[in-house]
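Each remark here refers to the structure printed beneath this line.
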Amino acid sequence: MPEIKLLATDLDGTIIDSANDLPFYVFFKEKLWNLKRNNGTYWVVCTGRTLSSFKRIFAPMKVMGMDPDFIITSHSYIFSISPFGYVPHLLWSIAIWLHVWKTLKEAQRMLDEWRRFLIRMTIRTKVLINKKDQILLSFDSADSAQIAYSMLLERDCMKVGIHVRKYGNHVEARIVPFTKGLALNELAKQIGIASDNILAIGNGRNDISMLEEGIAEMTGCPV
């Protein structure tokens, strides 16, 4: 098994789950320091939270003597830990901000286009949710929902970060940030670590991009 040189973990639901996490913190700290001592492993926390929100929720682990080497906040922005605090990677932050802005606009345009197209497919289609980042449609039968679901999947919607799912007569399309993978890949390049030596752990739809082959060859999903 390849050595773990970079450990990338989601935050909420992965390493922080409830108010009774103290036994896990002790266990995780021991395993983390073993990795650092034996492999020189870096630890990066990848979260959808802002930096200020991360600091607040991460405080119990910090008190326990744990601090990541890097943080990816808002699914996108890389920070390093230094004696002066959290230092942003400015060039990456500017580039990813532009990328996220353009991709979000395209995803919103596609969602609106899909909503109008699917409503025209049948007179019994009902719009249950119609937001900039989410549509939820109810069809008159499971078969109609399956056809609509398949049509959306054919459009390769994950390229712009749109996740589609079907349950019963319902089809939902939601914009899910997919930039964790981009940011993790950029960080790995900056510190010279190959995907073979990256272990990424996450439990949500917004973690999928960092669990993909080519980003991290070792992956985990807590249940």
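Quick one: of the DSSP bridges fully inside the chain, what percent are antiparallel, nearest 5?
Working: 23 of 39 bridges.
Just about 60 percent of them are antiparallel.
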| request: Note down the relative contact order for the range 1-97 as a percent, whole number, built from C-alpha pairs under 8 angstrom at least six residues apart. | output: 24 percent
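Return the FRET efficiency for the residue pair V26, S82: r is the Cβ-Cβ distance, R0 is 22 Å, and the value is rounded to the nearest 0.05.
On the way: r = 27 Å, r/R0 = 1.21.
So the FRET efficiency works out to roughly 0.25.
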| For the range 95-144, what is the relative contact order in percent, using Cα pairs closer than 8 Å and at least 6 residues apart in sequence? | 26 percent
| query | Just for the Cα atoms in the range 96-166, what are the lengths along the principal axes, largest first, rounded to whole Å? | reply | 41, 20, 16
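What is the chain's relative contact order, in percent, from Cα pairs under 8 angstrom and six or more apart in sequence?
Once normalised by length, the contact order is 20 percent.
Tell me whether the range 1-77 comes out rounded, prolate or oblate; compute the Cα gyration tensor, take square roots of the eigenvalues as a ≥ b ≥ c, and use a/c under 1.5 as the rounded threshold.
Oblate, since a/c reaches 1.5 and b/c is not below a/b.
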| task | Note down the accessible area of V63, probe 1.4 Å, to the nearest 10 Å². | result | 130 Å²
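Give me the Kirkwood hydrodynamic radius of the range 139-223, using the inverse of the mean 1/r over all pairs of distinct Cα atoms, in Å to one decimal.
On the way: mean 1/r = 0.0694 Å⁻¹.
For the range 139-223, inverting the mean 1/r across all distinct Cα pairs yields 14.4 Å.
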| Which one of I193, I72, I201 has the biggest mean-square fluctuation once the chain is modelled by GNM with Cα springs under 10 Å? | I193
| Summed residue charge, Cβ within 14 Å of V63's Cβ, Lys/Arg positive, Asp/Glu negative | +2
| remark: Here the Kirkwood hydrodynamic radius of the chain, Cα-based and in Å, equals 19.1 Å
| Taking a 23 Å limit on the Cα-Cα distance, which of the listed pairs K105/K126; K105/K131; K102/K126; K31/K62; K36/K62 fall beyond it? | K105/K126; K102/K126
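The values are calculated or read from the model by the stated rules, or taken from the named source; none is laboratory data. All figures in this text were calculated on a predicted structure; none of them were measured in a lab. Neighbour counts run over all protein chains shown; Cβ positions are idealised from the backbone, glycine included. SASA here: full protein model, heavy atoms, side chains in, ligands and nucleic acids out. Shrake-Rupley method; radii C 1.70, N 1.55, O 1.52, S 1.80 Å.
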